[in-house]
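The values are calculated or read from the model by the stated rules, or taken from the named source; none is laboratory data. Bear in mind the structure is a predicted one, so any value in this text is a computation, not a measurement. Here the Cβ is made from the backbone with ideal geometry for all residues, glycine too, and neighbour counts use every protein chain on show.
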Amino acid sequence: MPRPAADILLSVLVLLLQTTLARFLVIQGIVPDLVLLWVITIAIRRGQIPATIAGFSLGLALDLISGPDGVLGLAALSKTIGGFLAGYFYNENKILQTMGGYQLLLITALVALIHNLLYFFVFLQGSGLGWVTMMGRYGIPAAVYTTAIAVLPMLAYARKVLA
Amino acid sequence: MVKRLYDIIFLFKEYVVVSFCLLISILLLALNDSPQIRVLRSYAVVGVGLLQNVVSVIPNYFSLRQEISALRAANLALADEVSRLREGKLENLRLHQMLALKQRGEHRYIAANVVGKNLQLLRNTITLDAGELEGVRVNMPIVSESGLVGKVVSTSGHYAVGQILLNKDLRVSAKVQRSRVDGIIRWNGGTTLQLQEVARTMDVQVGDLVVTSEYSAYYPEGTRIGIVSRAEPIPGSLFQGVEVSPSVDFTHLEEAFVLVHLPDSTRIALEQRSQEPYAASGR
């Protein structure tokens, strides 16, 4: 299967996982952002432009799926920025090392933090929560949870590196 | 040109792509009407307002010039209007005072504007725009709302000339209203009048009101003349020097009334006759 087609197929799969199975992973109201993790993976494996486009497309799809519960354009905006930032860590010669090493966790943590900062800043407007409360209650825990999930692809790629 | 543009786009393709994606995302957000976006929109309005406030501090030379020109024109129009209103207010005040004067007196008054004035000579006069056709006659007193102005000395059809108190030829029988001390008002130049023939033992104080006396054949009794501004005995004399500040401000006199009050000719004739024997004997 050509690489773009496989990526698109996997993107749809991740989208389905996020919208259906992620609710089983909820801890204290915090959900891991599998779509963002997938966008970061694309950024490290494919580069900045594919990651930016993937972030925008998947974010827009999430916005549309969320319906009246979401804010149309917000996930698209935050994931576009997430994909674009993650794209700065793309190195064609070190894809396996980055994906199979602690770098993936660091990149995920950094990008997820910035993503959550932007996302929750808009999403929680009018809720009366301050910046610190907002990040302490939602932004940082969600980033930590997403980073923790990033351990799975990291381990998978680490096995590849070792092999 | 197109190739060059294409090259530039290609060079910055990552930024072009991200800008495009961000633009669409922001457009979608802007079209949103969710509560979160409404809050953000209110922040944006406040932010833009603050920014405009800051930017408005920076002066725009051309708009300032236009504004200054417009303000100058407005200022000129307003100054003109203020001047006219002030004039109207003063006129209104004068007319009110005149009306009160007219209501107080028992005589008939002929209103006139002061159309000519001479205040620099020893024989100062004013010209009124009312003459014989309006009923003005020689020797009629001239008054204003402030008090006695003088008397008519010549007339024509529509004009009359009057001697004012600041005329060395004019004499007026007067008295101090408080102490009923009599004297003769004269002017010898300067800014004040003199109340003459007042014995040094008479009670005259600074601030006393001086009015026309009932002894005067030409002026009605009790018409205000002025206020005593100085009263001191004259050294080596039986009289005292009494200076009176005239009530009427002749410099700003614009309107006056001629009092229809002619002297009693029989009284004058009798008084003149009784003086003749003394005059003939040289006394």
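Looking at the stretch A:74-106 only, could you name the residues that are out of contact with any Ser or Thr (no Cβ under 8 Å at 6 or more places or on another chain) and in a loop (DSSP other than H, G, I, E, B)?
Scanning the stretch A:74-106 gives A:TYR88, A:TYR90, A:GLY101.
Could you list, ordered by first residue, the pairs with Cβ atoms under 7 Å in which the first is in the stretch A:46-66 and more than 9 Å from every other protein chain (Cβ to nearest Cβ) and of a type in the set (Val, Ile, Thr) and the second is in a helix (DSSP H, G or I) and surrounded by fewer than 22 Cβ atoms within 10 Å (Cβ to Cβ), at least 6 apart or interchain?
A:ILE65/A:THR19
Any residue at all in the stretch A:126-135 that's surrounded by 19 or more Cβ atoms within 10 Å (Cβ to Cβ), more than 10 Å from chain B (Cβ to nearest Cβ) and part of a helix (DSSP H, G or I)?
At the first step, the residues of the stretch A:126-135 found to be surrounded by 19 or more Cβ atoms within 10 Å (Cβ to Cβ) are A:134-135.
With the extra rule that they be more than 10 Å from chain B (Cβ to nearest Cβ), the set shrinks to A:134-135.
Restricting the remaining residues to those that are part of a helix (DSSP H, G or I) gives A:134-135.
Yes: one or more hits.
Among what's in the stretch A:107-121 and is in contact with a Ser or Thr (Cβ under 8 Å, 6 or more places away or on another chain) and surrounded by fewer than 22 Cβ atoms within 10 Å (Cβ to Cβ), pick the residue that is modelled with the lowest pLDDT.
Checked the stretch A:107-121; the qualifying residue modelled with the lowest pLDDT is A:LEU118.
Starting from the stretch B:242-270, keep only residues that are within 16 Å of B:GLU91 (Cα to Cα), then list their pairs with residues that are among the aromatic types (Phe, Trp, Tyr) and surrounded by 15 or more Cβ atoms within 10 Å (Cβ to Cβ) whose Cβ atoms are within a distance under 9 Å, requiring at least 6 positions of separation or different chains.
Correct list of pairs: B:PHE257/B:TYR109.
What pairs can you find where one residue is in the stretch B:195-209 and of a type in the set (Gly, Ala, Ser), the other is surrounded by 14 or more Cβ atoms within 10 Å (Cβ to Cβ), and their Cβ atoms are less than 8 Å apart, with a gap of 6+ or different chains?
Close Cβ pairs (under 8 Å, with a partner that is surrounded by 14 or more Cβ atoms within 10 Å (Cβ to Cβ)) amount to B:ALA199/B:PHE239; B:ALA199/B:GLN240; B:GLY207/B:ILE227; B:GLY207/B:VAL228.
Here is a list: B:VAL45, B:VAL2. Which entry is loosely packed, with under 10 Cβ neighbours inside 10 Å and among the β-branched types (Val, Ile, Thr)?
Details: B:VAL45 fails: loosely packed, with under 10 Cβ neighbours inside 10 Å.
Only one candidate qualifies: B:VAL2.
Among strands (runs of 3 or more DSSP E) lying entirely in the stretch B:150-236, which contain 1 or more residues that are touching a Ser or Thr at 6+ places or on another chain (Cβ under 9 Å), under 21 Å from B:GLU254 (Cα atoms) and β-branched (Val, Ile, Thr)? Talk me through it step by step, then tell me what you get.
Numbers: elements: B:160-167, B:172-176, B:182-186, B:193-196, B:209-212, B:224-233.
Strands (runs of 3 or more DSSP E) meeting the threshold: B:160-167, B:224-233.
Among B:GLU87, B:GLU91, B:GLU14, which is the only one that is of a type in the set (Asp, Glu), more than 27 Å from A:GLY82 (Cα to Cα) and surrounded by 12 or more Cβ atoms within 10 Å (Cβ to Cβ)?
Numbers: B:GLU87 fails: surrounded by 12 or more Cβ atoms within 10 Å (Cβ to Cβ); B:GLU14 fails: more than 27 Å from A:GLY82 (Cα to Cα).
Only one candidate passes the filter, namely B:GLU91.
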